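Step one of this worksheet: look at the structure below.
The values are calculated or read from the model by the stated rules, or taken from the named source; none is laboratory data. Note that the structure is predicted; figures quoted are calculated from it, not measured. Cβ placement follows ideal geometry from the backbone for every residue including glycine, while neighbour counts extend to all protein chains displayed.
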Amino acid sequence: MSGPIRLADGGLIDRSRAVSFVFDGQTYQGYGGDSLASALLANGVVLFGRSFKYHRPRGVMAAGIEEPSALVQAGSGGRYEPNSRATDVFIYDGLQSQSQNRWPSLGFDLGGLNSLISPFIPAGFYYKTFFGGPKLWLLYEHLIRQMAGLGMPPTKADADIYEHRAAFCDVLVVGSGPAGLAAALSASAAGSRVILAEQDERLGGSLLTDPATIDGQASDLWIAKARETLMAAGGRILTRTTAAGYYDHDLVNLVERLTEPGQTPGADGLAQRLWRVRAGKVILATGAFERPRLFEGNDLPGVMLSGAVRTYLRRYGVRAGSRAVITTDNDDAYRTALALAEAGASIAAILDSRPADGVHSALVQKAMAQLPVHFGAKLIAAKGSAKGLKGASALIEGKVTALDCDLIAVSGGFSPVVHLHMQAGGTLAWDEISGSFSPDQTRQNQTTVGAAAGADGLSATLLSGWSKASAKAKAKAAPTCASDDDVALNIIADWEPAPQASLKKAFVDYQNDVTAADLDLAWREGYRSVEHLKRYTTLGMATDQGKTSNLVGLARLAKSEGRPVPSVGLTTFRPPYTPVTLGVLAAEATGAHLDPRRRPVLYQTHAAEQPIWQPVGYWHRPRAYPMGNENLHQAAHRESLTVRTKVGVTDVSTLGKFDLSGPDAATFLELICATTVGKLAVGRGRYTIMLREDGMVMDDGTVWRTEENRFLLTSSTGGADRMAAHLSYVRKVIAPHLKVAVANVQEHWAAVAVAGPLAKDVVAAVLPKMAVPRHMSLDVGDLAGVPTLTLAASYSGERAFEIYAPSDQIAPVWAAIAKAAREIGGCLYGLEALEILRIEKGHIVVGGEIDGRASPHDLGLSKMLRPAGGYIGATALQRPAFAEPGRLQMVGFEAVDGSAIPEGSMVLTAPKTLPVGHVTAAGLNVIKGGSIALGFLRDGFSRTGESLIAWSPTRNQTAEVKVTAPVFYDVAGVQYRD
Amino acid sequence: MTNAAHPDLVSLQTPEPSRLLRFEIWSGHKAAQARLAKALGGPLPGICKSADLGAARLIWVEQNTWLVRTSPADGDETLATLTKALGKDGSATDMSGALRRLRINGPGWRTLLTIGGVFDAESPTFAPGCMAGTIVAHSPVRYDVISEDCVDAYTPPSYSPDLFGFWCEAAERLAKAR
């Protein structure tokens, strides 16, 4: 019988637990512990998918995450996942899986016609073929995308829950093969907090394929004992967990898969978890990937990596073929040959490219005694179809020889898995004999052990893990293995295919259909840089990231260049090396938790008024309170008109507020504020601006002297956090000597603003015992038992007050004020009206005019600056550049014909000229009507009266505007004074 | 408010409001701390530490700055005590409304705090009497470990509903995963 079969016994699968699953509509049976690949092979399935470009039939090549070809889609609806490796999906009852990139079926795929025209569509053919304008390219792209590609993207929202977890440890060990386990045990024995991450569902790594005797016991027992030891010491063992990325400061992201692709999660609904691990030290025990070899038809179903063949046999009890050819450049493949022979397969030939005159290891000698071993031999071509292999031809002793086989086990040496080491900023060292890069210098506190570090043989692997994990580890205490199990690889890398092999069907990158001929062609066309070669040919791209292909490709390029492999360079090792679902990156940050919604203390009170909400950073504040069928514009206009003519009430609780106390509070404030504030009398306040050290305005607000040695500083809502950080910095770094305490009381105090010609009446009504303070004065009062602080300050340009109360007592204050205002024709107003009113008054706002690029001079605030200086930013303001012509200066704009001025528009002198300024905020002139705006204009202070164009290409709007002073209402400032 | 569905693992509460008083020492540190220790009934907790002093809970906040949590009834008296003890070497500020306290009970609190967080809440050194400031799901929060089965979390009130909801959902998942 040819093809793969399940053996009657053996393997690590649970034969007592039958598992039913579906592939391409057909139901199959497997066992607990089977991967999808092993279960399909066990059922005699050899065709798993179609290749990316040529739609060539592909089987399974590997047994782990390095599988480039056997990609499937699993699940359905919100649990559909494309591009899953059949080798990395463990079957479960009800698994629905499908092959991908084929039509109408896997067995009969019309896309396979591409293979017939492959000579005409080599690497980069589309660059040479699809000429024309951009619109034509869109058509080409559509067609190419229809023909090529991998799985279909999901169309439904993800049905599952994902979670981020923080974890810290002294030692993080990535990989639980013999080196990883030895490292974890060593670190744990030294008293370290250990996290061990293993991407497989079982610990053991290569020991699952090649059982051994370690410390005098069978490796499965040694693994179990290691697990127990680590757990007992408080270690965390994460299986089905992949280290997806290594970042600065030894931050490693681990993706833990709690479900298999398409599987319904457990009761907690969690599908995957992203662990953000900050480790004191990271041990990388990521092993090595076996490399394929170049021969014609090396991608056909039935051609597999040698180690994978052994894994299917030993771990899953699946013999991948009955008559095998082994092609190798190292000793490891002999283990496969012997294992297959032991399992009843016949070995047609072992084709060893190494010379016959070398010293043969005991393993090789054992094979030579019972199997047909040919040294200096190479495979020329595999012959077969979608149904499997029909034979092969080989170059043996200089002759082309036909071989009868249904399985080809390939071993082109091993490449240490170094991606995490490289993401951590490490460097690599090249070994010419084995043809491999292994970690050299490290930049972070990490070390690589075992096969990933180039360790050869189990004994060296165990010692490497044990000794590098802990400075306290003694080599004598390292785990040891039986000498029979200590098999060295003895690789003599051989990159050259047999001269008789056609390179047009000798694949380097199986996933992206890149052949050796493609690489040669790219080189002939001038692509000498490995980065260029990669992009021209797509070598090492997509979900595979060149796990099995990169080094073969590099060697091919190096040969063309006539240079050694290291000198042609490496591509960049970017995370993630193994695909990560977007869901686990987003995790909880979806839906209601996309970002926190900061609710003002009066949130529920506002909600009862059914306002239109506006996000302001994380805050959600009422934008307007529509009445009846009013839209936003109508509501905001009504509200602003009411403020101008009667009175309005708004919630300003979100303003930044800081309590500064101490004998040096005034001195400290004069550092922070660019205006004179230190001489304020008790009970008085002042508008102020704060500068950054570079002289740019960072925020504005008010300063109030509440007691001789106590001040209240307010700042903008949007800038409150930044102001808190700034105050902390100045307090601790610039002025640690001052006797001042700075407390952030933003949410301790809530505040209600009352503005309008009747505002004074409202305040008098609700605080009858308090004398209504004059503009920029304050007073304390008592409103229904709630202590209040009333500040007379205006943002709207009207007589206005801000009434402060402890936030947990603000509700009755708000209610009383709103009631009193409504009784005399007033209303509530939201941020939209506030914006209209402040634009009309020419008041600046953080994020609008305070954009980090404007100096006080640019904003027309020079006269406010304290002449004596001494404030932060004062020195920088002396820079000549601030006084040079051509600066953007704040001006007003009025629409000439009454049309709306588009917010954010560019300001031009004439159509199709370069912009000379921009609009920061636009609104309506509340009483007079017409459109007005604030903005910046180059040399704007001297351009009053000039006619310009405000143009917004994104809104497709244009307005003719006239430059004005940036104040449209009550220029004399009489409205806010009694 | 509480989600007492899984009290065996972890449950959340929003305790009754308390008074929060912040005080800062800017000079005469030793003497001021001695006066405060005498007035409050015990030494001020050290860096990143907290302690019960009589009916009040003292929490180190940042350099030379502490927070006192006390009952609403004792608030004014405590503020006066602090002000008097500080003298010219510091000042105290009432900021009761600036932070909301959430209490997390149950042995699962350490695990809960790692969800969406960036802080090593599982460290055995983060023991009762320790405090820390960190971020969870974009929300600023300070922890005060009360006991092995209890931690207080202080966050600005504007963040607390979402953070409470976030933790409740996470606590549900933890319970279901058992």
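Scanning segment A:43-60 for residues that are closer than 9 Å to A:Ser99 by Cβ and outside any loop (DSSP other than H, G, I, E, B) yields A:Gly49, A:Arg50. The set of residues in segment A:84-119 that are crowded, with 22+ Cβ neighbours inside 10 Å, among the polar types (S, T, N, Q) and either at negative phi or modelled with pLDDT of 95 or more (or both) comprises A:Ser84, A:Thr87, A:Ser97, A:Ser99.
Got at least one residue in segment A:711-730 being aliphatic (A, V, I, L, M) and at positive phi? So far as segment A:711-730 goes, no, none of its residues is aliphatic (A, V, I, L, M) and at positive phi. When A:Lys732 is tested against (1) touching a residue at least 40 places away in the same chain (Cβ under 8 Å); (2) of a type in the set (Lys, Arg); (3) within 12 Å of chain B (Cβ to nearest Cβ), exactly one condition is not met: (1). The residue that is surrounded by the fewest Cβ atoms within 10 Å (Cβ to Cβ), among those in segment A:257-287 that are without any contact (Cβ under 8 Å) to a residue 40 or more places away in the chain and either touching a Leu at 6+ places or on another chain (Cβ under 9 Å) or within 13 Å of chain B (Cβ to nearest Cβ) (or both), is A:Ala267.
Just so you know, in segment B:91-113 the residues that are more than 17 Å from the chain's Cα centre (by Cα) and surrounded by fewer than 23 Cβ atoms within 10 Å (Cβ to Cβ) include one that is farthest from the other protein chains (Cβ to nearest Cβ), and it is B:Pro107. Looking across segment A:711-748, the residues that are among the charged types (D, E, K, R) and buried (at least 19 other Cβ atoms within 10 Å of the Cβ) come down to A:Arg731, A:Lys739, A:Glu747.
Yes/no per residue for (1) farther than 26 Å from B:Ser96 by Cα; (2) out of contact with any Cys (no Cβ under 8 Å at 6 or more places or on another chain); (3) within 14 Å of chain B (Cβ to nearest Cβ):
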{"residue": "A:Val752", "(1), (2), (3)": "no, yes, no"}
{"residue": "A:Leu758", "(1), (2), (3)": "yes, yes, no"}
{"residue": "A:Leu783", "(1), (2), (3)": "no, yes, no"}
{"residue": "A:Leu789", "(1), (2), (3)": "no, yes, yes"}
{"residue": "A:Phe801", "(1), (2), (3)": "no, yes, no"}
{"residue": "A:Ala816", "(1), (2), (3)": "no, yes, no"}
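All of B:Phe126, B:Phe164 fail the test of being outside any loop (DSSP other than H, G, I, E, B) and either more than 9 Å from chain A (Cβ to nearest Cβ) or surrounded by 22 or more Cβ atoms within 10 Å (Cβ to Cβ) (or both), apart from B:Phe164. Residues in segment B:45-88 that are within 12 Å of another protein chain (Cβ to nearest Cβ) and closer than 16 Å to B:Ala132 by Cα: B:Val61, B:Glu62, B:Gln63, B:Asn64, B:Thr65, B:Trp66, B:Leu67.
Of the residues making up segment B:141-161, those that are at the interface with chain A (Cβ under 9 Å from one of its Cβ atoms) and either touching a residue at least 60 places away in the same chain (Cβ under 8 Å) or not in a loop (DSSP other than H, G, I, E, B) (or both) are B:Pro157, B:Ser160, B:Pro161. For segment A:571-604, the candidate set comprises residues that are in a helix (DSSP H, G or I) and more than 14 Å from chain B (Cβ to nearest Cβ); within that set, the residue that is nearest to the chain's Cα centre (by Cα) is A:Leu582. Among the residues that make up segment A:540-560, is at least one of them crowded, with 17+ Cβ neighbours inside 10 Å and within 14 Å of chain B (Cβ to nearest Cβ)? Checked segment A:540-560: no residue is crowded, with 17+ Cβ neighbours inside 10 Å and within 14 Å of chain B (Cβ to nearest Cβ).
Evaluation of A:Leu254 against the conditions (1) within 14 Å of chain B (Cβ to nearest Cβ); (2) farther than 23 Å from A:Pro178 by Cα shows that the sole unmet condition is (2). Residues in segment A:674-706 that are without any contact (Cβ under 8 Å) to a residue 40 or more places away in the chain, among the charged types (D, E, K, R) and either under 20 Å from A:Gln746 (Cα atoms) or in contact with a strand residue (DSSP E or B) (Cβ under 7 Å, 6 or more places away or on another chain) (or both): A:Arg705 only. Within this structure, B:Ala170 passes the test of being crowded, with 22+ Cβ neighbours inside 10 Å and at the interface with another protein chain (Cβ under 8 Å from one of its Cβ atoms).
Beta carbons closer than 7 Å, at least 6 apart along the sequence or on distinct chains, pair a first residue in segment A:351-370 that is surrounded by fewer than 20 Cβ atoms within 10 Å (Cβ to Cβ) with a second that is outside any helix (DSSP H, G or I) and of a type in the set (Gly, Ala, Ser) for A:Pro355/A:Gly376; A:Ala356/A:Gly376; A:Ser361/A:Ala488. A:Asp520 meets the conditions (1) touching a residue at least 40 places away in the same chain (Cβ under 8 Å); (2) within 34 Å of the chain's Cα centre (by Cα) in every case but one. The failed one is (2).
Just a yes or no: is a residue in segment A:583-593 in contact (Cβ under 8 Å) with a residue 24 or more places away in the chain and under 30 Å from A:Thr537 (Cα atoms)? Yes, because at least one residue in segment A:583-593 is in contact (Cβ under 8 Å) with a residue 24 or more places away in the chain and under 30 Å from A:Thr537 (Cα atoms).
Okay, residues lined up against (1) in contact with a Gly (Cβ under 6 Å, 6 or more places away or on another chain); (2) within 14 Å of chain B (Cβ to nearest Cβ):
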| residue | (1), (2) |
| --- | --- |
| A:Phe658 | no, yes |
| A:Pro663 | no, yes |
| A:Leu671 | no, no |
| A:Thr675 | no, no |
| A:Leu691 | yes, no |
| A:Phe711 | no, yes |
| A:Ser716 | no, no |
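Checked against the criterion of being under 45 Å from the mean Cα position of the chain (by Cα), surrounded by 23 or more Cβ atoms within 10 Å (Cβ to Cβ) and assigned to a strand (DSSP E or B), segment A:396-406 contains not a single residue that satisfies it.
B:His138 meets all of the listed conditions (1) over 27 Å from A:Arg193 (Cβ atoms); (2) free of Cβ contacts under 8 Å to residues at least 24 places away in the same chain; (3) at the interface with chain A (Cβ under 9 Å from one of its Cβ atoms); (4) touching a Ser or Thr at 6+ places or on another chain (Cβ under 8 Å) but one, namely (4).
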